[in-house]
Amino acid sequence: MGLDVLMYDDCNRLVSLYEINEELHKVIFSSHKRWESYSYLKKLKNYYRTNEEFSGELLEGLICDLNCYKPLMAAEYHTTLQLFLEAISDNKVKRIRISGD
């Protein structure tokens, strides 16, 4: 099971559902700890206890962190991360909720 990402519009209606799979999570939060300097990204570190909500500036911050972090990841994961970035960057998406198991 991955992290569930629920995406909502400005009327608080569920627009889409996305899953950050365990493999991508492990790649992002591997032991090299480059992620620690990304204040929004590090909120997702704990795979089993993640329960975060992002909207407005917080959502923009997470998107920015992920865009900046992408070049630090192995190239084989860029497409997967880019698909996630496109999903949460959609103009309809105003708020996301990310939940672990």
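Coordinate-derived values only; no laboratory data. The structure presented is a predicted model; accordingly, all values stated were derived computationally and were not measured. As a convention, Cβ positions derive from the backbone with ideal geometry for all residues, glycine included, and neighbour counts pool all protein chains shown.
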Round to the nearest 0.05 the FRET efficiency obtained for Arg13 and His78 when R0 = 25 Å and r is the Cβ-Cβ distance. 0.20
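For the chain, go through all pairs of different Cα atoms, get the mean of 1/r, take its inverse, and jot down that Kirkwood value in Å. The partial results should precede the final answer.
Numbers: mean 1/r = 0.0736 Å⁻¹.
For the chain, inverting the mean 1/r across all distinct Cα pairs yields 13.6 Å.
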If we count trypsin sites (Lys or Arg not before Pro) as exposed when they sit in a DSSP loop and have at most 12 other beta carbons within 10 Å, what is the longest stretch of the chain that avoids them all? 50-91
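Can you work out the FRET efficiency for the pair His32 and Asn67, with r the C-beta to C-beta distance and R0 = 22 Å, to the nearest 0.05?
Approximately 0.70, to the nearest 0.05.
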Estimated distance in nm for a label pair at Lys45 and Glu86, the labels positioned 7 Å out from Cα along Cα-to-Cβ: 3.1 nm
With an 8 Å cut-off on Cα pairs and a minimum separation of 6 or more residues, tell me the relative contact order of the chain in percent. 44 percent
